[in-house]
Each structure stands twice: as structure tokens, then as C-alpha cells.
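Below is one structure, written out as C-alpha cells; comments come after it.
Derivation of every value follows stated rules applied to the coordinates shown; laboratory data play no part. Model, not experiment: these values are computed from the prediction. Here Cβ is always computed from backbone atoms with ideal geometry, including for glycine, and neighbour counts include all displayed protein chains.
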Amino acid sequence: MIPFNIPPRVPKCSEYVLEAIENAKICGDGAFTKRCHAELEAMTGVRKALLTTSGTSALELGALLMNLQPGDEVIMPSFTFSSTANAIALRGAEIVFVDVEPDTMNMDVECVRAAITPKTKAIVPVHYAGVCCDMDELQKICDEHGLMMMEDAAQAVGSFYKGRPAGSMSDVGCFSFHETKNLSMGEGGAVLLNDPALIERAEIIREKGTDRSRFYRGQVDKYTWVDIGSSFLPSELNAAYLLAQLEEHEHINGRRMERWNQYHEAFAALESEGHLKRMTIPAHCTHNAHMYYILLNSLEERTVLISHLKQNGVSAVFHYIPLHSAEAGLKFGRFHGEDRYTTSQSERLLRLPMYYGLSEEEAQHVIDSVFSFFHK
Ligand SMILES: *Cc1c(COP(=O)(O)O)cnc(C)c1O
């Protein structure tokens with residue numbers, strides 16, 4: 001069976017984890033966490049990267065930083081993971097879901113523009129499949145209306161938009177290092193920040209609302225509770241596992257890209273025969289091969305293809321059930337405008353196996369299995 005995902009692991013993962021254990025400091029913000037911060041800052045060019053316990057908690061930290069409150073509205077795509085929305089709902093703000101554009105499944109800029117009201121406080125673009133949203137246009141909207149922006153770059157570690165790293169282009173960038181992402185620490189994530197005021201407050205929120213970071217730097221002589229906060233820092237064991245991969249992120253993403261290109265070239269023939277639609281990568285985006293998906297012609301066809309692939313030993317999956325039609329989505333948000341693409345495209349989208357370590361032969365077997373479905 002070719003699984004849908006195998007968590008990434010490089011030889012140094014075990015070496016670093018052992019070293020972390022032997023350092024006898026396994027709580028957060030030790031040597032490995034600091035090295036991860038430095039790697040992330042070098043990789044993205046942001047002033048400050050801070051590890052968190054998950055991509056979810058990075059988004060929650062970001063929502064606290066943006067000071068969201070009841071009465072505020074936050075615009076985001078409906079086609080995303082529940083965590084993007086939970087971060088907003090947990091602050092008591094209202095979620096305004098908008099449609100995606102059909103080519104990238106990213107939030108449609110014109111739909112965002114149309115959804116703005118005097119209550120709008122922030123927008124949360126999601127770089128789906130590691131392909132960046134149109135950040136210049138979104139930034140224009142934020143500037144015109146005085147809005148904050150938080151990037152859900154959970155899937156976009158190592159991606160670029162017009163040469164600028166994903167996660168570095170807004171007030172708060174959020175990464176995920178869950179085991180299904182390109183780089184992993186089991187469960188983990190990071191926030192990426194540039195504004196000194198946000199950095200200072202993020203350090204406090206992340207450390208249970210205390211100014212412990214200032215204390216460690218010798219800026220205050222005792223630390224105390226200064227703001228609301230929570231425990232957002234992961235243990236050194238997780239950071240050590242991640243560091244090994246951060247050091248090899250170009251190699252890891254490069255291997256994924258080889259498989260991505262293999263799929264993409266092979267499926268050109270099926271696309272020209274009208275059997276499926278391949279992913280679209282806009283000219284200004286450099287993606288990270290986070291995902292390879294195809295769009296089938298109908299939900300029924302997708303269902304039959306999934307079982308055909310299963311019979312051939314290939315695990316392929318779909319997601320997301322659009323949030324605006326989910327039970328919690330109805331309670332905590334509303335959809336603005338027309339749902340032209342979110343539901344219809346999500347029903348036809350199929351993700352193929354993609355992970356570091358997927359071999360050329362295995363990817364070829366996936367390709368052959370998709371072909372045998374259409375060329376019966
Ligand atoms: C994975 C993911 C998250 C959540 O990250 P976790 O690390 O699993 O908490 C949030 N948003 C998107 C778009 C994701 O893909």
C-alpha cells in the first residue's frame with residue numbers, strides 16, 4: 001500500500017533528540033528552540049520567529065495579537081481547515097467566509113473586497129497547497145481599509161510570492177509543523193513577525209502572559225504577569241526533531257518537487273483528454289510541493305476513483321468540507337456572496353500521495369493507477 005503521507009524524518013532527527021535529552025533541559029525555549037528560531041528567521045527574512053505547539057496555536061496566538069473581540073468581523077476562505085476559523089471564533093469575533101478562485105482554491109480578492117463592512121477588522125488568507133494568495137492585492141485592501149492581515153501559511157513553508165517568503169508578508173505569519181506538513185515536529189508550528197510591538201507582545205502571550213523573555217534578556221529584574229496569555233511553547237524534544245529538518249529544508253522540498261513534477265507532467269495527457277484538471281501555479285508563485293491534487297469532473301467519479309486507487313494499493317484522500325456549511329460554521333460565521341466554486345470544486349478535488357521519501361517508482365504506480373481508471 002502506498003500511504004497518503006509518511007512523516008518526514010532525516011538522520012539527524014534522532015541525533016538531535018538524543019542531544020536534547022542529554023542537555024537535561026527539555027522544556028521550551030532552550031538551545032534547540034533558539035536554533036529553530038534562527039533557521040526560520042534566515043529562511044523567511046522576518047525579524048522574529050517563535051515556535052508554537054501547533055499551527056492551530058500559532059493562529060490562536062495571532063488572533064490574540066490582533067486584539068479581536070466580539071463585534072469584529074474577520075474575512076477568510078470557507079475552503080480551509082477548522083483551525084483557521086477556530087482562532088477567530090475563540091475571540092468571539094464573527095467569521096465572514098468568502099469564495100475561492102477556481103484555479104488555485106485561494107480566497108478570491110474581489111470577494112474579499114465585496115465582504116468588507118465597517119466592522120471588518122482583519123483578513124486571513126490561506127495559502128492553499130503551498131501556493132500563495134495574491135498578497136499585493138490583499139495588502140492594498142488592508143491599506144485602504146486599515147485592516148490587519150494574518151497569513152495561514154500552514155501549508156506554505158518554503159513557498160514564495162514574487163520572491164517574498166510565505167509567512168513573511170503580513171502582520172502575523174503562521175506555519176504548521178504537523179506530521180502531514182512538509183517539515184514536521186510531530187505537533188508544532190511557528191508565528192512569524194516583523195513589527196517590534198507585536199513581537200514584544202507575542203513573547204508575553206506565548207509565555208503565559210508574563211514578561212519572562214525580557215527577564216531572561218536581563219531587561220527586567222523579575223518577571224511577572226503583565227497580559228493575558230497561554231502556554232504556546234513546545235518542548236525541546238520537538239524542537240530538536242524539527243531543527244534537523246529545517247537544516248535540510250531545501251533538500252526535503254526539492255525531493256517533493258521531483259515527485260510533484262512527475263505527477264504534473266504525466267497528467268497533462270489526461271487533462272488534454274478532458275478527464276481531469278491539474279493544479280494551476282500562477283506565474284508569480286514558487287510553491288513548495290506541499291500537495292498534489294487533481295480535479296475530477298464529478299463527485300461520483302471521484303468516489304469511484306478513490307476505490308479504484310484503493311484496489312491498486314494507493315491511498316488518496318479529499319478535504320475540506322466547506323466550513324460555512326459545517327455545523328460550527330453556521331453558528332460562528334456567515335458566507336458572504338455566492339458560493340460559485342467552494343462547494344462544487346471541493347467535491348471534485350482529490351489529493352494523491354505526496355511525502356518526502358515517496359520514490360519515483362511509487363509515484364509511477366500512482367500515475368499508472370489513475371491512467372488505468374480512465375483508459376479502461
Ligand atoms: C495543518 C493546517 C492547520 C493546523 O495546523 P496544526 O499544526 O495541525 O495545528 C491550519 N491551517 C491549515 C490551512 C492547515 O493546513
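Miscellaneous remarks
- Difference of contour (0.36 nm per residue) and Cα-Cα distance, residue 251 to residue 103: 50.5 nm
- For the chain, the relative contact order is 24 percent, taking Cα pairs closer than 8 Å that sit 6 or more residues apart in sequence and dividing their mean separation by the residue count.
- Dipole magnitude for region 215-345: about 200 debye, using +1 per Lys or Arg Cβ and -1 per Asp or Glu Cβ, origin at the Cα centre.
- Each eigenvalue of the Cα gyration tensor of the chain, multiplied by 5 and square-rooted, gives one semi-axis; in descending order these are 35, 27, 16 Å.
- Pairwise FRET efficiency - residue 365 versus residue 298, Cβ, R0 = 30 Å, nearest 0.05: 0.75
- Gained length - residue 82 relative to residue 334, 0.36 nm times residue gap less alpha-carbon distance: 89.3 nm
- Positive dipole terminus of the chain, leading residue within 4, 363, 90 (C-beta point charges): 90
- Helix 55-65 and the long axis of the chain differ in direction by around 50°, with both axes built from C-alpha atoms.
- Tilt relative to the chain, helix 196-206 - C-alpha long axis, 0 to 90 degrees, to 10: 90
- Estimated dipole of the chain in Debye, rounded to 20 [Cβ of Lys and Arg +1, of Asp and Glu -1, Cα centre]: 560
- Estimated FRET transfer efficiency (residue 271, residue 15; beta-carbon r; R0 35 Å; 0.05): 0.20
- Loop sites here are GluC sites (Glu not before Pro) outside DSSP states H, G, I, E and B with no more than 12 other Cβ atoms within 10 Å. The longest part of the chain free of them is 1-272.
- Nitroxide proxy distance, nm - points 7 Å out along Cα→Cβ at residue 117 and residue 42: 4.8
- Rel. contact order, % - alpha carbon contacts under 8 angstrom, at least six apart, region 83-162: 27
- Extended-chain gain in nm, criterion 0.36 nm per residue less alpha-carbon gap, residue 208 and residue 311: 32.1 nm
- Our helix-only sum for the chain, with -39,500 (n - 2.57) per DSSP H run of n ≥ 4 divided by its residues, gives a mean residue ellipticity at 222 nm of -12000 deg cm²/dmol.
- Dividing the Cα radius of gyration of region 230-376 by its Kirkwood radius returns 1.03 for Rg/Rh.
- The mean sequence separation of alpha-carbon pairs under 8 Å and at least six residues apart, normalised by the residue count of region 1-158, gives a relative contact order of 17 percent.
- Distance from the alpha carbon centroid of region 148-223 to that of region 62-86 works out to 16 angstrom.
- Charge tally in the Cβ shell below 14 Å around residue 296, where Lys, Arg are +1 and Asp, Glu are -1, residue 296 excluded: 0
- Overall form of region 59-191 per C-alpha gyration tensor (a/c, 1.5; a/b vs b/c): oblate
- Efficiency of FRET from Cβ geometry, residue 258 and residue 344, R₀ 25 Å, rounded to 0.05: 0.20
- Taking 7 Å steps out from each Cα toward its Cβ at residue 143 and residue 195 produces label points 1.6 nm apart.
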